[in-house]
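Bear in mind that the values in this text are calculations on the coordinates, not laboratory data. Predicted model only: the values in this text are computed from it and were never measured. Glycine gets a Cβ as well: all are built from the backbone with ideal geometry, and neighbour counts include every protein chain shown.
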Amino acid sequence: MKKWFISTLLLMIAVTARADLVVEVTQGVDAPTPIAVVPFQASGLALSDDIAQIVSDDLGRSGFFKSMSRANMLGTPSTQEQVFFRDWRVSGNDYMVIGRIAPGVNGQVQATVELYDVLKERQIWSETVTGNSNNLRDVAHYISDQVFEKLTGLKGAFSTRIVYVTAKMLAPNNFTFKLQMADSDGARPRTILQSKEPILSPAWSQDGSKLAYVSFESSRPAIYVQELATGQRQKVQTFRGLNGSPAWSPDGSRLALVLSKDGNPEVYVLTLATGQLDRITHHYGIDTEPTWSPDGQSILFTSDRAGLPQIYSLNLPTRELKRLTYEGKYNSRGRLTQDGRFLTMVHQDSSGFHIAVQDLKTNRLDILTSSSLDESPTIAPNGSIILYATKKGGKGVLSGVSLDGRVRFTMPNGDGDVREPAWSPYLQ
Amino acid sequence: MRIRSYILPVILALLVHVCVVLLLVPHWFQEKDDPRKTPRHIQASMIDLKSLATDVSAQQQIAEAKAEAAKKQAVEAKQAAETEKQQLAEQARLQQEAEQKQVSEKQAQHKKAEEQKKQEIQKKLEEQQVKDTLQKQKIEAERKEKELEKAKAKELETARIKKEKAEAEAVQAEKKRKADDAKKAAAEKQKKEAAQKAAEAEKLKVAEATKKKAEADKQRKAEEAKRKETERVAAEKAKAEAKQKADLEKRRQAAVEKNQQTVADFSSYVVSEISRRWIRPATARNGMQATALVVLFPSGEIDSVEIVQSSGDLGFDRSAENAVYKVGRFSRASEIDPALFDRNLRRIKVIFRPEGLRY
């Protein structure tokens, strides 16, 4: 009787108890998130740029999103009332961006943008952006940044800039080298410096206001620091031998560089305010290509002190040296993501030189590119994209690859061979 | 003057009353003696018919034996009388015979004497001496014979008396013997009866004991049987209960297993449906984890999706949410028992924990 009672009680408890079913999803599709950026309505306006297209391209290039082709769109709604979410859901989109551009005062334009979650049929973000009709690309990149950030949580890097060097052979032994700066998508390039002598290793200051680079214009390699806003530049003290590979410390007060004034290339730290030079490597092997860790405590550099080029890390306060790469015969030109976790590099394997990324947490190395002459990787400030120089059709071009290797793209062809890209930090 | 006038009527009235009383008195006594009013008192005693029957037969037997004995005695008395009579007759006859013999002997003697006389006359001279002698001898012989006869008679008498006495004694003895025999027989019979009675009593006692024993045995057996029956019934009941319980448990277990299977199947289905639609974002890293609470309608349509535990990465969380929304409807939910669905499957915690990513 007692047992029956207990059984009944338990049964009742079991009947009334509601347990949440717990399931675990570990697998998924490693693909970009589908998004539709519907052409913005701009009635009565003759605009030089298609903002929606720029946004669509930006998002698509990021590796995070796959933009829907306009040709496949069933409609071009520009207001919420015109949106039939079901259509956009059926066509496989998770999100959609609609917008309308209206003329503002003083020749400006006002772009009203709305971001929707198609699945939830809910507006995520809406903003009216005012911009000059001449810099609609800035408006577009801003919108891209906002959409990116709203959907991924990461700050968008579309409004950043890239610098790179182009070399155009005018005649045998007659080259024109240009240091150029462009939008992150390679658009709107403009020349910062032009020279008949090679220009190497452009580097952004952390605030994005200055560039340091190596120029051979004075027949000897010299390091210059140039103000972007004014174009004013300053030659950093020059030493005998090699002067190269400048790298800004995160606080912008120091410059790491490579000098061979003491015999073989060594890494030095130059305090810009005082001109104090501090040699941090002491080895008969070549130590070059320094870069700062995001916290400014360490300097990573390439050294062949072990016989073959590998990447090392030197802790500045303790002077502790640590070899970071072991895989392969050649690893050089290390660059760290802003979180300090991933190290990108040029890695050589049997098929050539590729862009690779090493997870410093697990020391796993992944080769991200399949082209064979890749060099000079630089990382977008949000760590999503690695830009690098490679050869395509015998010509140097800029290409990009997402950090996970899923998305690769090639930048618009510049004038001549393009090399030595450097991605700016977030710009103010 | 006035009182005087009342005396006669009073006397008359009294007389009338006395008469009436006298008339009624016998009736009263009769009434009183009415035997019908007396309750009948019946004094009864329990009689064992069997023993009564035995007693009756025993009494009968005794009576019969007595009658038989009396008869026998009568016959024997008769016979004794007859024998006595016969003996007396014989005696008389013998006496007569003896008398006759005496007479005849006397006659013979007389004759002889006459003859002898004749002879004696004849021979009187010749044989006077001899005759005298012979006479003498004869007288002597006769005397002797007489004496002999006398003695013989006396002897006979004595013998007869003795015989009679003996016979009487014999009769007496016989009587006594018979009486003894009868007594003995009666005693034996009594003894026998007593023995029989005792035997019967013993038998009865034994029978009673046997009966009692049998009854006790029967009762014990009945109790045993009853106990066994009770035990059997209890065992059967227990068995039935156990079986019922086992069946119930089995059914419950089966139901639980079925439910578990259903839940497991549905879990797999949910995982499969979500996995197919989960776009793991570029920011996804191995070890990240977000938990979405999915609430379903019984039709399988999504009521709500809520990130209850964020991965810390907005894109990751969104991708998880979207993966669920993209399923739109978990159609198999409608095939599941509503109670089970409501209990176990309405609310699903989906943990998104990517594995096998590059980083």
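Quick one: what are the phi-derived ³J(HN,Hα) couplings along the stretch B:162-177, Karplus 6.51/-1.76/1.60 with θ = phi - 60°, whole Hz, x for glycine and proline?
4, 5, 4, 4, 4, 5, 4, 4, 4, 4, 4, 4, 4, 4, 4, 4
Go ahead and run the numbers for FRET between residue A:363 and residue A:79, Cβ-Cβ distance against an R0 of 51 Å, rounding to 0.05.
Efficiency, from the Cβ-Cβ distance: 0.45.
So if R0 is 60 Å, what FRET efficiency would residue A:349 and residue A:110 give, r being the distance between their Cβ atoms, rounded to the nearest 0.05?
Here the calculated transfer efficiency is 0.70.
Can you give the Rg/Rh ratio of the stretch B:243-308, where Rg is from the C-alpha atoms and Rh is the Kirkwood radius? Provide the component values of the computation, followed by the final result.
Values: Rg = 17.9 Å, Rh = 15.0 Å.
We get a ratio of 1.19 for the stretch B:243-308.
Report the equivalent ellipsoid semi-axes for the stretch A:235-294 in whole Å, largest first, defined as the square roots of five times the eigenvalues of the gyration tensor built from alpha carbon atoms.
Working: eigenvalues 64, 35, 16 Å².
They are 18, 13, 9 Å, listed largest first.
List every DSSP H helix in chain A whose Cα atoms extend 20 Å or more along the helix's own long axis and whose mean Kyte-Doolittle hydropathy is at least -1.0.
Long hydrophobic helices here: A:2-16, A:136-152.
Can you pick out the pairs among B:184/B:212; B:162/B:189; A:155/B:326; B:163/B:192 whose Cα atoms lie more than 31 Å from each other?
Long pairs (Cα-Cα over 31 Å): B:184/B:212; B:162/B:189; B:163/B:192.
Would you mind listing how long the stretch B:278-352 runs along its three principal axes, going by Cα atoms, in whole Å with the largest first?
Cα extents, longest axis first: 39, 19, 18 Å.
Using a basic spin-label model with each label point 7 Å from the Cα along Cα→Cβ, how many nm lie between residue B:342 and residue B:155?
About 14.8 nm, to one decimal.
Give me the orientation-averaged projected area of the Cα convex hull of the stretch A:33-152, in nm², one decimal.
In nm², the orientation-averaged hull projection of the stretch A:33-152 is 6.7.
Using only Cα atoms, what is the ratio of the radius of gyration of the stretch A:258-374 to 2.2 N^0.38 Å? Walk me through the intermediate numbers first.
Working: Rg = 14.4 Å, N = 117, 2.2 N^0.38 = 13.4 Å.
With N residues counted in the stretch A:258-374, Rg over 2.2 N^0.38 Å equals 1.07.
How far apart, in nm, are two points set 7 Å out from the Cα along the Cα-to-Cβ line at residue B:198 and at residue A:305?
Placing both labels 7 Å beyond Cα along the Cβ direction yields 13.8 nm.
Give the Rg (one decimal place) followed by the Dmax (whole number) of the stretch B:188-308, computed from C-alpha coordinates and expressed in Å.
That works out to 41.2, 134 Å for Rg and Dmax.
Quick one: check the C-alpha center-to-center distance for the stretch B:183-207 versus the stretch A:22-80, whole angstrom.
133 Å
Taking other Cβ within 10 Å of each residue's Cβ, how do B:206, A:214, B:305 sort, fewest first?
B:206, B:305, A:214
Can you sort A:125, B:28, A:292 by how many other beta carbons sit within 10 Å, fewest first? Intermediate values should be presented prior to the final figure.
Values: A:125 16, B:28 10, A:292 23.
Ordered by Cβ neighbours within 10 Å, fewest first: B:28, A:125, A:292.
Using the 10 angstrom Cβ neighbour count as an exposure proxy, how do A:367, B:11, A:54, A:192 rank, fewest first?
Fewest-to-most ranking of A:367, B:11, A:54, A:192: B:11, A:367, A:192, A:54.
Just the ratio, please: alpha-carbon radius of gyration of the stretch A:161-423 over 2.2 N^0.38 Å, N its number of residues.
Rg over 2.2 N^0.38 Å, computed on Cα atoms: 0.94.
7 Å from Cα along Cα→Cβ at both residue B:232 and residue A:329: what's the point-to-point distance in nm?
Those two pseudo-labels are separated by 9.7 nm.
Using a Förster distance of 22 Å, how high is the FRET efficiency between residue A:43 and residue A:124, based on the Cβ-Cβ distance and rounded to 0.05?
Values: r = 25 Å, r/R0 = 1.15.
Computed FRET efficiency for residue A:43 and residue A:124: 0.30.
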